[in-house]
1. Considering only segment B:42-86, state which residues are touching a helix residue (DSSP H, G or I) at 6+ places or on another chain (Cβ under 6 Å) and not in a helix (DSSP H, G or I).
2. Take the residues in segment A:357-370 that are under 17 Å from the mean Cα position of the chain (by Cα), within 14 Å of another protein chain (Cβ to nearest Cβ) and part of a loop (DSSP other than H, G, I, E, B), then tell me which one is farthest from A:Gln381 (Cα to Cα).
3. Among the residues of segment B:1-19, which ones are over 19 Å from B:Ser60 (Cα atoms) and at pLDDT below 90?
4. Just one of A:Gly251, A:Gly182 is touching a His at 6+ places or on another chain (Cβ under 9 Å) and under 19 Å from A:Ser50 (Cα atoms); which is it?
5. Can you tell me which residue in segment B:39-72 is nearest to the chain's Cα centre (by Cα), limited to those that are within 20 Å of B:Ala84 (Cβ to Cβ) and among the acidic types (Asp, Glu)?
6. Give A:Met297, A:Met271 a once-over and let me know the one that is under 30 Å from A:Tyr206 (Cα atoms) and either at pLDDT 95 or above or in the same structural domain as A:Asn116 (by TED's automatic domain parsing) (or both).
7. Restricting to segment A:192-206, give me the number of residues that are closer than 30 Å to A:Ala372 by Cβ and surrounded by fewer than 24 Cβ atoms within 10 Å (Cβ to Cβ).
8. Just to be sure, is A:Thr359 at pLDDT 95 or above and among the polar types (S, T, N, Q)?
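The values are calculated or read from the model by the stated rules, or taken from the named source; none is laboratory data. It should be emphasised that the depicted structure is a prediction, and the values quoted were computed from it without experimental measurement. Don't worry about glycine lacking a Cβ; one is built from the backbone with ideal geometry, like all the others, and counts go over all protein chains shown.
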Amino acid sequence: MGLFDRFQELRAAHGQIKACGADPFGVKMDRILSSTEAEIEGRHTILCGSNNYLGLTFDADSLAAAKASLDKYGTGTTGSRIANGSYDDHKALEQDLADFYGKQHCMVFTTGYQANLGAISTLAGPGDYLLVDADSHASIYDACRLGHATVIRFKHNDPADLDKRLARLAKEPGNKIVVVEGIYSMLGDHAPLKEFVAVKKKHGAYLLVDEAHSMGVMGKTGRGCLEHDGVDADVDFITGTFSKSMGAIGGFLISDHPDFDILRVACRPYMFTASLPPSIVASVRASLARLRAEPEMMTRLWQNVDTLYDGLQAKGFRLGKQRGPVVAVHINGPELAAMAWHGLLSNGVYVNLALPPATPSGTALLRCSVCAAHTTEQLEQVIEALGEVGRQLGIIPAEDGAGQVRAAAE
Amino acid sequence: MGMDAPTEDSVLAEIINALLPFKKSDEPITAETEIARDLKLDSLAVMDLLMVLEDKFDVSIPLNMVAEITTVGQLAKAVRDQKAGA
């Protein structure tokens, strides 16, 4: 059997998707015009799938901080924190984040993926148990494979199901660590953290919450789902990323655990990779400072969420159940979804095509993400383009006001 | 503590029953049927099946075991082993 033979089925599936007219997983952005617009194949395109929730990728302060840092520190650290040392900004960013979350300790990672990979694989050791939500991100599943703990999966966003599975482990001596996400990246729903906290306390388990898609999005000051649900003090570990609302790249782990710092010489995805370039660290510090100074940026984001969600719902699309900056449009089948995705791109709207097994329950999605910097006109264009493509492909009924007609019929 | 330890056949029968919706041909599902190759279950579907079996047999089946399970018979053995060890 040849080295690449086992990818035969994957190649065939990818080929079928590409037959829609373009490769959804190989889009080339020719020019980035702003945090909400790009030029793709010569077309002016609205970006509605970038996770750039606060639109800070071109924030003047963040740009200036990054440029100054480039001149001061150079282009990269050329090594890991343990080998090449920490720059003062790495330490300062960790302090900023610990302050922001009101916790003692923070470790910064080079990507959000590595933050989950490192935190989860290192915290849970041999004989310990990881209880992970069924819809967890790939970084969480990969962390489970990298570590040596026993892994049990519970039903998505279902505290009663977690309770049942923890009860089965009651007599097992190992530590139990429950892993959930704030906002889930595919369907945009968020974890019922109050209920999860009650279950983890009942069983003496630890709780880790990944706030990747909820930092700078939920909670009065932008700390995420834990702030929204008022459970800051009951969450034992927080992970997150700088590649969404912070507009850059990188990840973090935060905790009040007194022995936290030993992780710096135990956590392999932290130890054996080059640290973040100082210019990135500087831009993230500036973006975080902006969020802390101006949390009302999130008000604009949520107004935009309402515009897109209500607009698509009125067109008759089937959307993710909880509204938030990830707006998932359900499409029946990968091929139809790929055709709709390509139709949108041809009409100057970029969204994400999300297909199983990256999506829950075998569903195909046009995954939109909302940005605080989107104008109402841009979102109306997105809604019209989706409506047009949806009608052409029979995803929504052909007549106008389909949403109202359907709502009345139900 | 294995109060009413399920027999080899009863576990296998329950699993085959749970797999019926995935049947791809007239060939009966047996202990030798391969879950991924013959029934086309992807990794997500296998993990979902484990959850169903955990509840059916009131047992914990760690995801760590998935890599070692190819056939229906191996899955039945994994369930029995976990039940016996519970």
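1. Within segment B:42-86, B:Val59, B:Ser60, B:Ile61, B:Ile69 meet the criteria.
2. Result: A:Pro357.
3. The one that is over 19 Å from B:Ser60 (Cα atoms) and at pLDDT below 90: B:Asp9.
4. Every option except A:Gly182 fails the conditions.
5. Per the criteria, the residue is B:Glu54.
6. It is A:Met271.
7. Total satisfying the criteria: 4.
8. Criteria not met by A:Thr359.
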